[in-house]
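Colleague: Take this structure, written in structure tokens, and hold onto it; I'll ask about it next.
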Amino acid sequence: MAETPHTSPKVALDPLGSLLGNAWKHFKGQFWMFVAIFAAPAVVISVGRAFLTAGAAAAGPRSFLALGGLIMLVGYIIAIVATIALILALGRKTDFGASYHKGFQLFWPMIWIVILCMLVVGGGSVLLIIPGIFLGVALSVTNFAFVLDDVHGMAALRTSREYTRGYWWALFGRIVLMAVVIIVIMLVVYVPFAVLTPAVVSGSVYAIAFLLVTVYSTCYTFTIYENLKRLRPDAAARAAERAAKGGDAFMKVCMVIGIVFGAFFLISFAVSGRSWVAAYRAQMMNNYPAGAPGTNGGGPGSVSMGGMPMEGLTPSSGPVGTQVMIMFPQGAAGDTFTVLMNSLVAAKGLAYASGDMMEFAVPSNLAPDCKPNQACPQFMALTSPQTYSVSVLINDEGNPIPVGSFTVTK
């Protein structure tokens, strides 16, 4: 059957006041279950942040950083499940247990939909921003279409686009106004506590306010979805019909652009990652020449975590012949390294022994760093008891990179 041409809808979207009021009814009607659903990820994420804060403190255990990051990752996973559970509780009136059970079942399909939305909106944003904004609004009820209309993958995106077709400006205005309301509420609630109370109190207030605002904003978006579903009950069927006729070509083009741009970003990140690490290490070396606070670093560049150098050498002292391990993540597999002590060659032609580590023995004599076909004094300097500045040269190119200091003992 041929699709009838779509015209501008004759029935307007509900006004903002009505949407806010209906969202409040949903919010108030199942308040404690909604809070319970989102309290689980909120608590886990808060615990993760506490570990991160403790690990970042000057005297804090560095193992807390990794533990805090892991706990926060678990919290964000639970937050995705909680989002699905909240939508089910809103749309199908399921209880806490059934909502979470179904939420875990739909976790991976939801992840796939999130990836698709990111690619489509990201690709649209590459096209001078405006297409990305357009698609962001058009796909604003994708999660609800996925969970409540039982449409998966690209079908969920197409269904959201069909729900919002003809209502874009009305939706854009209501979304922006709601965002302004949320920002004002958070500022009014949080700022006084941030100014007048300790960080632990203001942080707790912020977490509670954010939890309640997140739940209410989900109720608000659900109210918009309900309104659109009443106006467009055949959205899923129309979306499938348009897709069969190539009506989703724009989203597909944006997705391809998103994939290409995403791949380019990942490759660029991988290529330039070592440069960023090197810049960070250099900044840390300038800020903490004796090692980062709360670490047992042993000189420039020997920033360490939990006793294991991130870049530096160990041990930091010993007699001639001592085997010294250097952590040096700035090189790459296949590079060769020259170790210099006070700009004199201690070892040449080294490769990584394992991971990002290389090893050399403190020699009894040090030689000048002579380049091929370069006039250079051919002398050997006796390795005497003193503190040497140790640096590493990559592939005999560029400038030596300081990694710490080593004290030669008698």
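Colleague: Considering every residue within the range 98-106, establish whether at least one is in a helix (DSSP H, G or I), in contact (Cβ under 8 Å) with a residue 40 or more places away in the chain and in contact with a strand residue (DSSP E or B) (Cβ under 9 Å, 6 or more places away or on another chain).
Modeller: No.
Colleague: Hey, another quick one. Step by step: first the residues of the range 151-173, then only those that are charged (D, E, K, R) and surrounded by 24 or more Cβ atoms within 10 Å (Cβ to Cβ), then the one that is farthest from Phe250 (Cα to Cα). Which residue is that?
Modeller: Applying the filter and picking the extreme gives Glu162.
Colleague: Please specify each residue of the range 119-131 satisfying the condition of being assigned to a helix (DSSP H, G or I), over 20 Å from the mean Cα position of the chain (by Cα) and free of Cβ contacts under 8 Å to residues at least 24 places away in the same chain.
Modeller: Passing the criteria: only Ile130.
Colleague: Any idea which of Arg230, Arg242 is of a type in the set (Lys, Arg) and either touching a Gly at 6+ places or on another chain (Cβ under 9 Å) or open to solvent by less than 70 Å² (accessible area, probe 1.4 Å) (or both)?
Modeller: Only one candidate passes the filter, namely Arg242.
Colleague: Same structure, new question: With Val215, Val181, Val141 as the choices, which residue is over 25 Å from the mean Cα position of the chain (by Cα) and either within 22 Å of Met110 (Cα to Cα) or open to solvent by 40 Å² or more (accessible area, probe 1.4 Å) (or both)?
Modeller: Val181
Colleague: Okay, moving on. Could we say that Ala236 is within 23 Å of Ala12 (Cα to Cα) and open to solvent by 30 Å² or more (accessible area, probe 1.4 Å) here?
Modeller: Considered against the rule, which asks whether it is within 23 Å of Ala12 (Cα to Cα) and open to solvent by 30 Å² or more (accessible area, probe 1.4 Å), Ala236 comes out as yes.
The values are calculated or read from the model by the stated rules, or taken from the named source; none is laboratory data. Note that the structure is predicted; figures quoted are calculated from it, not measured. Don't worry about glycine lacking a Cβ; one is built from the backbone with ideal geometry, like all the others, and counts go over all protein chains shown. Note: areas computed on protein heavy atoms with side chains; ligands, DNA, RNA excluded. Shrake-Rupley method; radii C 1.70, N 1.55, O 1.52, S 1.80 Å.
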